[in-house]
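The values are calculated or read from the model by the stated rules, or taken from the named source; none is laboratory data. No experiment lies behind these values; they were computed from the predicted model shown. When we count neighbours, we look across all protein chains shown, and the Cβ atoms used for this are built from the backbone with ideal geometry, even at glycine.
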Amino acid sequence: MKKLFSLLTLAVLLSSCCKKNAEYLSVDGFAQGSTYHITYSIPTHTNNPDSLKKIVQERIPLWFDQINKAVSGYDSTSVLSRINRGESPELNHIFVDVFNYAQQIYRESNGAVDASAAPLFDVWGFGFKNKVPVTQEMIDSIKQFVGMEKVSISPDSTLVKSDPRISLNFNAIAQGYTADYFAAQFDGMGIENYLLEIGGEIYCKGVNSKGKRWRVGIDAPKDGNFIPGQDIQAIIELSGRGLVTSGNYRKYYVTEDGEKYSHTIDPATGRPVQHTLLSATVIAGNATVADAYATYFMVVGLEKAKEILAATPGMEALLIYGEQENMKSYQTPGLKDMLIRSQK
């Protein structure tokens, strides 16, 4: 799923700037069907800064390729695509990592976040295929082979399906996982200060070029707000955590009779959700969890999301919802210390 988020790294959009002895660099590009923005500092103890810069530049596309070859539904040669075609490829560690977390969030969400709902995403036009006219009979038929309890990994590292029609879609967590994967690579290279934004999913660590926590912006969830950063709802300071926003104001379509269908599908009903929650921004220990729970909240709606947050220590969120044609927000108590600016 394509996420909705704009990056505001104040004083870091320059290709290189200095915080005393630390040099900050930015790398921007296009991958996984969206843009990415990466800012990092060269460690002051690095003996050969130019060599490290070159290594980072060379490895970024390789890291994207490693993930795409495992879990992209848009790459026909990926492990995921081959599985969805009915093949039995050997699973690599990235696929196993993503699959295992997909199983975990499926259990934690009581099925609200379900990677095996791929056929439902497809028929509604939000998956890997073009949408088709949807009937209740079609939905009921598809739901027979939806459910992560119907798939598992065998001892010989292949995927086992209880029904050959089962297919998977990891879009609810793949870009969050990508941000965390990049973070692990940066940590391994000794890079201590960085901000990673992959299609709106963010993980950051350390400080920016001014020696302060990173600043990121959350877009206002208004129909027509298609350009990240043009209409900001809030600005948050962050470090050592993942942040992801999910919402229904950019990825949707309207039928000829004026009915609007959002990209968030409730696996329980097999249909796009219809409730007052417009967007959910989640801050968690990593971007994979934030990504999954942002989707979770968009499926279950405002009141259930608030209940889940109250029972989940350490997770913060900004929930923006509509009430009588007005836009309002709910924020967890712990978010107060992170907010720089917020519209009510």
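Things worth noting here:
- Residue ID - surrounded by the fewest Cβ atoms within 10 Å (Cβ to Cβ), chosen from residues in region 280-305 that are in contact with a helix residue (DSSP H, G or I) (Cβ under 9 Å, 6 or more places away or on another chain) and among the charged types (D, E, K, R): LYS304
- Verdict on VAL71 being touching a strand residue (DSSP E or B) at 6+ places or on another chain (Cβ under 9 Å), modelled with pLDDT of 95 or more, β-branched (Val, Ile, Thr) and within 30 Å of GLY190 (Cβ to Cβ): no
- Tally, over region 294-318, of residues that are in contact (Cβ under 8 Å) with a residue 40 or more places away in the chain and within 16 Å of the chain's Cα centre (by Cα): 7
- Qualifying residue in region 248-264 (condition: at pLDDT below 95, surrounded by 23 or more Cβ atoms within 10 Å (Cβ to Cβ) and touching a helix residue (DSSP H, G or I) at 6+ places or on another chain (Cβ under 6 Å)): yes
- Count - residues of region 172-208 that are within 20 Å of ASP219 (Cβ to Cβ) and part of a strand (DSSP E or B): 8
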